[in-house]
Amino acid sequence: MGLAPLWRLRDKPAPSAEAPAEAESAPQSPVDTAAGDERSRRIAALGWDELRATVADCRDCRLCERRKQAVLGVGDVAADWLFVGEGPGAEEDERGEPFVGQAGRLLDAMLASIGLARGKKVYIGNVVKCRPPGNRTPEPEETTACFSYLRRQIELIRPKLIVALGKPAAETLLGAEVKVGAARGRLFDYRGIPLIVTYHPAYLLRNLSDKAKAWEDLCFARRTMEARDSATLPPDPAP
């Protein structure tokens with residue numbers, strides 16, 4: 001796919017306007033307002049095995065009607081990095097694993113470019129666990145029904161950094177309208193966890209010119225993680 005030149009990790013990325021900044025708090029996600037109901041409390045108490053079984057049997061929204069299987073996520077359950085996409089596609093629905101199609105291969109190349117690999121301190125999931133028909137954007141009632149699962153995954157994983165891949169993932173996690181282009185290069189906060197917004201790999205396959213921007217976002221994410229690991233403040237953005 002011609003990725004090698006673009007996704008080569010440089011030892012010391014040049015400073016840019018995308019340098020880490022102080023994390024910005026976002027409004028509480030609207031789906032969090034239902035956190036006190038019985039279903040949310042029950043999901044909040046689940047361990048990994050129970051969570052997998054519950055998601056596999058879930059019938060709480062219309063997406064279950066046409067799925068072949070629910071797709072919880074894949075990777076290290078004690079990951080430092082959490083990547084969150086929108087929802088399973090056709091290949092993911094067949095295989096039961098997120099990001100296994102062409103977009104998944106691009107995501108793997110993106111991870112490799114900053115020294116990461118699927119399953120090694122990395123967890124990959126989606127906002128919704130069942131494939132939306134025709135790979136459409138999940139509707140609000142569908143993301144609401146699934147958000148308790150994602151929230152529990154985050155609580156169990158306890159990642160050091162969340163990377164929201166695309167607009168639906170960013171809006172669900174931040175509880176606000178998000179424009180990816182405007183959100184890039186900014187450090188947000190999800191319940192005390194730094195969160196970075198970048199483009200979804202499927203979008204990059206359709207918009208090749210934005211791969212360079214995604215590369216900048218990956219460098220920003222790496223610098224943010226390094227700053228967090230070293231317990232030092234990240235550099236100020238370039239003027």
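Rundown of residues vs (1) at pLDDT 90 or above; (2) in contact with a Phe, Trp or Tyr (Cβ under 9 Å, 6 or more places away or on another chain); (3) basic (Lys, Arg), yes/no style:
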position: ALA19; (1), (2), (3): no, yes, no
position: GLY47; (1), (2), (3): yes, no, no
position: GLY73; (1), (2), (3): yes, yes, no
position: VAL77; (1), (2), (3): yes, yes, no
Residue hits (the range 111-129; out of contact with any strand residue (DSSP E or B) (no Cβ under 7 Å at 6 or more places or on another chain) and within 18 Å of LYS167 (Cα to Cα)) are VAL128, LYS129
Step by step: first the residues of the range 158-180, then only those that are charged (D, E, K, R) and not in a loop (DSSP other than H, G, I, E, B), then the one that is most open to solvent (accessible area, probe 1.4 Å). Which residue is that?
LYS167
Among the residues of the range 92-120, what is the count of those that are in contact with a Phe, Trp or Tyr (Cβ under 6 Å, 6 or more places away or on another chain) and closer than 20 Å to VAL77 by Cβ?
1
Within the range 189-214, of all residues that are assigned to a helix (DSSP H, G or I) and without any contact (Cβ under 8 Å) to a residue 24 or more places away in the chain, the one most open to solvent (accessible area, probe 1.4 Å) is ARG206
Assigned to a helix (DSSP H, G or I), at pLDDT 95 or above, in contact with a helix residue (DSSP H, G or I) (Cβ under 9 Å, 6 or more places away or on another chain) and surrounded by fewer than 22 Cβ atoms within 10 Å (Cβ to Cβ), is that true of LEU150?
no
Which of the residues belonging to the range 75-96 are within 16 Å of the chain's Cα centre (by Cα) and surrounded by fewer than 19 Cβ atoms within 10 Å (Cβ to Cβ)?
ASP76, VAL77, ALA78, ASP80
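The values are calculated or read from the model by the stated rules, or taken from the named source; none is laboratory data. The structure displayed is predicted, hence computed values, not measured ones. No Cβ is skipped: glycine too gets one built from the backbone with ideal geometry, and neighbour counts run over all protein chains shown. Side chains are part of the model used for accessible areas, which takes the heavy atoms of the whole protein and leaves out ligands, DNA and RNA. Shrake-Rupley method; radii C 1.70, N 1.55, O 1.52, S 1.80 Å.
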